[in-house]
Amino acid sequence: MTQSARLVAQGITVSFGQRPVLKDLDVALPTGQLTAIIGPNASGKSTLLRALARLQPVASGQVVLDGKAIHRQGSRAVARKLAILPQSPTAPEGLSVRDLVIRGRTPHQSVLRQWSGADAHAVEQALAATGLAALADRPLDALSGGQRQRAWIAMALAQDTDILLLDEPTTYLDLPHQIELLSLVRALNRDTGRTVATVLHDINLAARFADTILAVRDGAVCLQGPPEQVITEASIQQVFSLPCRVIKDPVHGTPHVIPL
């Protein structure tokens, strides 16, 4: 049984020009769980994640964080509770892994509170958790794609928030690196109790690693629940218009989609 949701969207609508992308959408991220957001291209997955993080303004409705409208909370206060890793993040050329991770401590700095032992400890913990301690002084652009993604996650971890939002973190990674990255995210969720929501394109990886699947189509939530309830032949047809068979993964016991 999870705690009541700390991050909730209440009837939010997001439009780009005259085109609504999210329409009167309600979402509650289960506290302490890993939620995978799936859906076809242009369904509103990334827009939803950005709206939850207050990076995307809403036309109506509101996002609530810890019982208070997120737009009424200060940026620094929000950044101490919630971290987001956007699609294809960029960093200045030549920046080292350690320097990138140090940037995660920015919300904890102020005129009265400069760099401290707690900040240094958080950075070292984030590097260790992501397996990057030995690469800390390497330039970020000298790393492989999988290592770079781990460095960005380390920065988000150094931010030391209880909620972590990841927008398509496995994009451009080959399958072994996708599994490595999602195994890391899963371990962080299990070991620290962080609430994690991630946009994923691979339905089978979502079913394998997530506690909850949130299926989005045409700016609305179609289904939300455990993988075995959401990943069915009928739901994949409904959400993706894809005829398929769903079998039980013989290794992990999770639903596995085979397109027809």
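Values in this text are rule-based calculations from the coordinates and carry no lab data. Please read all numbers here as calculations on a predicted model, not as lab measurements. Note that each Cβ is placed from the backbone with ideal geometry, even for glycine, and that neighbours are counted across all protein chains shown.
Which residues, taken from the stretch 201-248, are in a loop (DSSP other than H, G, I, E, B) and hydrophobic (A, V, I, L, M, F, W, C)?
Correct list: Ala210, Ile231, Leu242.
Just for strands (runs of 3 or more DSSP E) wholly inside the stretch 21-100: which have at least 2 residues that are under 28 Å from Gln178 (Cα atoms)?
The qualifying strands (runs of 3 or more DSSP E) are 34-38, 82-85.
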Taking the stretch 83-105 as the search range and keeping residues that are under 16 Å from Val185 (Cβ atoms) and among the hydrophobic types (A, V, I, L, M, F, W, C), which one is surrounded by the most Cβ atoms within 10 Å (Cβ to Cβ)?
-> Ala83
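For the stretch 58-69, does any single residue satisfy the condition of being among the polar types (S, T, N, Q) and either closer than 29 Å to Thr130 by Cα or surrounded by 19 or more Cβ atoms within 10 Å (Cβ to Cβ) (or both)?
no
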From Val78, Val101, residue being in contact with a Lys or Arg (Cβ under 7 Å, 6 or more places away or on another chain), aliphatic (A, V, I, L, M) and either under 18 Å from Ala156 (Cβ atoms) or in contact (Cβ under 8 Å) with a residue 24 or more places away in the chain (or both) | Val78
Residue pairs qualifying under the 6 Å Cβ cut-off, at least six apart or on distinct chains, with the first in the stretch 160-171 being closer than 12 Å to Ser88 by Cβ and the second being in a loop (DSSP other than H, G, I, E, B), are Asp167/Pro86; Asp167/Gln87; Glu168/Gln87
Which of the following residues is at positive phi and not polar (S, T, N, Q): Gly104, Gly74, Gly67?
-> Gly67
Those residues of the stretch 230-260 which are under 20 Å from Leu25 (Cβ atoms) and not β-branched (Val, Ile, Thr), in sequence order | Ser235, Gln238, Phe240
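Residue by residue, here is whether (1) farther than 18 Å from Val8 by Cβ; (2) part of a helix (DSSP H, G or I); (3) β-branched (Val, Ile, Thr); (4) over 17 Å from the mean Cα position of the chain (by Cα) holds:
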{"residue": "Leu165", "(1), (2), (3), (4)": "no, no, no, no"}
{"residue": "Pro176", "(1), (2), (3), (4)": "yes, yes, no, yes"}
{"residue": "Leu182", "(1), (2), (3), (4)": "yes, yes, no, no"}
{"residue": "Leu188", "(1), (2), (3), (4)": "yes, yes, no, no"}
{"residue": "Val196", "(1), (2), (3), (4)": "no, no, yes, no"}
Mind checking which pairs have a first residue in the stretch 48-63 that is free of Cβ contacts under 8 Å to residues at least 40 places away in the same chain and a second that is surrounded by fewer than 21 Cβ atoms within 10 Å (Cβ to Cβ) and part of a loop (DSSP other than H, G, I, E, B), Cβ under 8 Å, 6 or more apart or different chains?
-> Leu55/Pro86
Enumeration of residues in the stretch 172-195 that are polar (S, T, N, Q) and either crowded, with 17+ Cβ neighbours inside 10 Å or touching a residue at least 40 places away in the same chain (Cβ under 8 Å) (or both) = Gln178, Asn189, Thr195
In the stretch 1-54, residues that are closer than 19 Å to Ser235 by Cβ and among the hydroxyl-bearing types (Ser, Thr, Tyr) total 2
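Looking for whichever is of a type in the set (Asp, Glu) and either crowded, with 19+ Cβ neighbours inside 10 Å or out of contact with any Gly (no Cβ under 9 Å at 6 or more places or on another chain) (or both) here; the options are Asp249, Asp211, Asp218. Which one fits? Step through it out loud before you land on a result.
Working: Asp211 fails: either crowded, with 19+ Cβ neighbours inside 10 Å or out of contact with any Gly (no Cβ under 9 Å at 6 or more places or on another chain) (or both); Asp218 fails: either crowded, with 19+ Cβ neighbours inside 10 Å or out of contact with any Gly (no Cβ under 9 Å at 6 or more places or on another chain) (or both).
After ruling out the rest, the residue left standing is Asp249.
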